[in-house]
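Structure first, then comments.
The values are calculated or read from the model by the stated rules, or taken from the named source; none is laboratory data. Just so we're clear, the structure is a prediction, and the values are computed from it rather than from any experiment. Here Cβ is always computed from backbone atoms with ideal geometry, including for glycine, and neighbour counts include all displayed protein chains. The protein model used for the area step is the full one, side chains on, heavy atoms only, and it has no ligands, DNA or RNA in it. Shrake-Rupley method; radii C 1.70, N 1.55, O 1.52, S 1.80 Å.
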Amino acid sequence: MTKEQAQSILYRQLAKEFGCTPEVFTRPGLTVTTAALRPGARATIRKDPMLLMAGTGNSVAVSVHDSLRVLVEELAARADGLHRLFEFPALRALDKKLREYGRELWGAEHFFLPGGPLPKLPLPEKFQYQWFDRETVRSIYPNRRFPMALAEEYSPDRPDVIALAALDGGTIAGVAGASADTEIMWQVGIDVVEEYRGKGLGTALVSALSREIENQGKLPFYGTAAGNLASQRIAVGCGFVPAWIETDA
């Protein structure tokens with residue numbers, strides 16, 4: 001899959017969620033729409049949205065409740081670049097207003113898409129590996145050890161659909177898993193037990209899983225907190241590139 005194909009799928013998906021056209025995410029400027037849970041939204045979109053904001057560079061879309069629309073437009077007008085809507089002063093102002101309605105900002109996440117054909121990275125030879133599909137992955141539940149890779153319990157709204165585990169004897173050292181956030185967009189997560197970190201296992205697992213997702217005709221994407229540099233390095237090491245930033249209430 002090319003970078004342009006991945007972006008096209010993403011922009012069509014965001015357009016569904018924000019109630020706009022895909023072109024909004026390729027041209028500079030601010031687009032403001034009314035907050036609503038729209039058909040076809042990712043499973044991670046909240047059922048009662050009050051603010052959802054996504055930026056793809058110089059393009060920012062905000063789906064917002066009418067009570068916050070004026071504030072969003074004022075912050076955008078004062079900003080030296082729309083990317084500053086995701087920086088602390090603007091987020092603090094939005095959070096303060098949201099708290100009047102019993103809500104708060106959840107945080108900012110960075111998301112990554114394939115930057116082109118994903119490279120094939122070798123899996124470390126010291127481990128054994130086990131694949132799970134959407135049925136066999138349920139054998140891992142209840143999942144408490146690998147919350148960044150898989151859900152704690154089965155969720156029909158956002159099912160885990162594929163996973164790859166690395167085993168050191170009878171011990172699971174790490175798991176890469178993917179949830180079906182939409183029919184075609186599967187989000188990749190990774191969790192490695194602390195004693196096995198820093199040796200390339202996480203990158204290798206994510207790489208193998210992401211390539212298999214593409215083999216199944218789906219688009220892998222990777223999300224992580226803005227401050228989680230270790231996770232972001234894994235994404236980059238697997239051939240992903242920054243694609244968008246997002247925050248919600």
Where residues in region 151-162 are surrounded by fewer than 23 Cβ atoms within 10 Å (Cβ to Cβ) and not aliphatic (A, V, I, L, M), which of them is nearest to the chain's Cα centre (by Cα)? Arg158
What residue, among those in region 199-249 that are among the small types (Gly, Ala, Ser) and out of contact with any strand residue (DSSP E or B) (no Cβ under 7 Å at 6 or more places or on another chain), is nearest to Met53 (Cα to Cα)? Gly227
Can you find a residue in region 163-185 that is surrounded by fewer than 18 Cβ atoms within 10 Å (Cβ to Cβ), among the β-branched types (Val, Ile, Thr), in contact (Cβ under 8 Å) with a residue 24 or more places away in the chain and closer than 26 Å to Gly55 by Cα? yes
Scan region 1-55 for residues that are modelled with pLDDT of 95 or more, assigned to a loop (DSSP other than H, G, I, E, B) and basic (Lys, Arg) and jot them down. Arg27, Arg38, Arg42
Could you tell me which residue of region 225-243 is farthest from the chain's Cα centre (by Cα), considering only residues that are closer than 17 Å to Leu105 by Cβ and touching a residue at least 60 places away in the same chain (Cβ under 8 Å)? Ala226
Subset of region 44-83 (residues that are open to solvent by 30 Å² or more (accessible area, probe 1.4 Å), under 24 Å from Tyr222 (Cβ atoms) and among the small types (Gly, Ala, Ser)): Gly57
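Residue-wise test of (1) out of contact with any Lys or Arg (no Cβ under 6 Å at 6 or more places or on another chain); (2) of a type in the set (Val, Ile, Thr).
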| residue | (1), (2) |
| --- | --- |
| Ser210 | yes, no |
| Gly227 | yes, no |
| Ile234 | yes, yes |
| Trp244 | yes, no |
| Ala249 | no, no |
Of the conditions (1) more than 19 Å from Phe111 (Cα to Cα); (2) of a type in the set (D, E, K, R); (3) under 22 Å from the mean Cα position of the chain (by Cα), Lys126 clears all except one; give me its number. (3)
Residue in region 197-209 that is in contact (Cβ under 8 Å) with a residue 60 or more places away in the chain, out of contact with any His (no Cβ under 7 Å at 6 or more places or on another chain), within 28 Å of Arg46 (Cα to Cα) and open to solvent by less than 40 Å² (accessible area, probe 1.4 Å) present: no
Among (1) free of Cβ contacts under 8 Å to residues at least 40 places away in the same chain; (2) within 18 Å of His110 (Cβ to Cβ), Glu194 falls short only on (2)
Just checking: which of the strands (runs of 3 or more DSSP E) contained wholly in region 137-249 hold 2 or more residues that are under 25 Å from Pro124 (Cβ atoms), at pLDDT 95 or above and aliphatic (A, V, I, L, M)? 160-168, 171-180, 185-192
Filtering region 14-43 down to residues that are aliphatic (A, V, I, L, M) and free of Cβ contacts under 8 Å to residues at least 24 places away in the same chain, which residue is most open to solvent (accessible area, probe 1.4 Å)? Leu37
Check region 104-111 and report whether any residue there is crowded, with 19+ Cβ neighbours inside 10 Å, within 30 Å of Leu30 (Cβ to Cβ) and either touching a Cys at 6+ places or on another chain (Cβ under 6 Å) or at pLDDT 95 or above (or both). yes
